[in-house]
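The values are calculated or read from the model by the stated rules, or taken from the named source; none is laboratory data. Computed from a prediction, not measured in an experiment: that's the story for all the values here. Reconstructed Cβ throughout: ideal geometry from the backbone, glycine too, with neighbour counts over all protein chains shown.
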Amino acid sequence: MPRLVIVSNRVALPRQTSTGGLGSAMHAATREQGGLWFGWSGKLAEHSGAVLHRQQHEQVDYVTMDLSRTDHDQYYAGFANRALWPLFHYRAGLVEYRRANMEGYLRVNELFADRLLPLLQPDDTIWVHDYHLIPLGALLRQRGVANRIGFFLHTPLPAAGLLIALPRHQELLGSLASYHLVGLHTERDQRALDDYFLHEAGARRLADGRLQDAAGACFRTRAFPISIDTGKVARQAERASRGLKIRQLRDSLGTRALVIGVDRLDYSKGLPERFKAYGRLLDRQAGLRKQVSFLQIAPHSRDTVPEYRQLRHQLERSAGHINGRYAEPDWTPISYVNRSFPHQLLTGYYRVARVGLVTPLRDGMNLVAKEYIASQDALDPGVLVLSRFAGAAQELDSALLVNPSDTEEVTEALETALSMPLQERQRRWRPMYEHLCRYDVNYWCKDFLDTLRQQPTGAIAPATV
Ligand code: ADQ
């Protein structure tokens, strides 16, 4: 089997605790067939890419490079996280476009291409990940790389009308045509990309379903909903639930129901709206006070971006306000924790929680929703309250689906979840769990790589006109 080369902004080194969703999925992919994982080390140095750091583990070479302060600020904090991230999450008002940042983004992508090139072998299958590295495929092609290259976007993709607001969008998004396969989480995201190419970039649809851009490059787009290692999460949760920490949590709760939220601290996750809905629940239902506790786990992320710092302060105020208003000497309504936890412990928390509250304003997929379902006890499962705007809602459709901007709707869903009889909880949970057992992360990887390897590399298929 050809070697698999993964390229992503960050590399989840073996045994490293990661708060990103990509890590566990990629370990599963590379463990199978061996290969190379290339990316930024997460560290700053005087010069970008001056040395490559190498580590080998279980047939996989992990190769990383450092970035200079300027490259980091322009490529990562500037263009990727202040222009592309908000744009792709439908937050046009938060987009801050600066030409220098886009130049830095392209420069770092060139550097990725230059440093990766000597590490490649002719029959490698290359899999590039996420919005940080959109132009990488085209830059590798310019350097003569003819291998199969696939790209997967982990964020949502908004409609073409919004995408064209980005200066030089043709250059950036048009470069996706250099990949053989472009994967997105949902059919809605795929439609957005197809529409963009067909209506804004002069592409046409070929008879075999692929797109052909104005320069003749052919590529396939398709939805591949990412997933989790369902069996492993279920086993971890069962084991964790017998551990000391979880027993202590159960004891401290007594008969009180736990509502849990677990997210990177990010404005796409709808946390202020979620806190408001929980506050409203306590307002409306005096009888629920002291009967329910909300644990929100939200490790800080992207602290160098101002919007993330503002969000932190907003949430601290909001949690303080709710606790100031309702707390009793023997009851804290909301525990707001900004730390990472070992994954196994997290699955134990999910299992104890009667309600999983997952309400992003927009989310590519949202793995927490899937982990919550996988962690439940079949005999006494909890209830998932899930935003319609998480990619996961396409599959987890027997969750209580809500619009996170509608505070009353989220509050009512919480009330419904907290009073849901056992039979209905089981009836909703079972099909979601079975779906996740079948469509787990291994299925996702295999499906993407099989599809990539089936793509023709040479001749262009006839056009449908
Ligand atoms: P994220 O935005 O990071 O991922 P998500 O899909 O929920 O969001 O993945 C988060 C992961 O981090 C989960 O596996 C979760 O268990 C873990 N995690 C969160 N908080 C943690 C904590 N305090 N301690 C330990 N682990 C924690 C992006 C996209 C998503 C997409 C994924 C994968 O934004 O939409 O689902 O990539 O494609």
Neighbours by Cβ (under 9 Å, 6+ apart or cross-chain): first from the stretch 331-358, over 11 Å from ILE246 (Cα atoms); second within 13 Å of the ligand (Cβ to nearest atom) and of a type in the set (Asp, Glu): HIS343/GLU371; GLY356/GLU371; VAL358/ASP263
Answer residue from the stretch 435-460, given it is part of a helix (DSSP H, G or I) and aromatic (Phe, Trp, Tyr) and is nearest to ALA177 (Cα to Cα) among those: PHE448
Some residue of the stretch 343-361 being outside the structural domain of LEU87 (by the TED database), of a type in the set (Phe, Trp, Tyr) and within 12 Å of the ligand (Cβ to nearest atom): yes
Leading residue by the ranking (surrounded by the fewest Cβ atoms within 10 Å (Cβ to Cβ)) among those in the stretch 295-309 that are at pLDDT 90 or above and assigned to a loop (DSSP other than H, G, I, E, B): PRO299
Single residue of ASP266, ASP194 found to be acidic (Asp, Glu) and in the same structural domain as VAL410 (by the TED database): ASP266
ARG302 on the phi > 0 side of the Ramachandran plot and within 14 Å of the ligand (Cβ to nearest atom): yes
Among (1) at pLDDT 95 or above; (2) more than 16 Å from the ligand (Cβ to nearest atom) - the single one LEU271 does not satisfy: (2)
From the options PHE88, PHE38, residue that is more than 16 Å from the ligand (Cβ to nearest atom), modelled with pLDDT of 95 or more and not polar (S, T, N, Q): PHE38
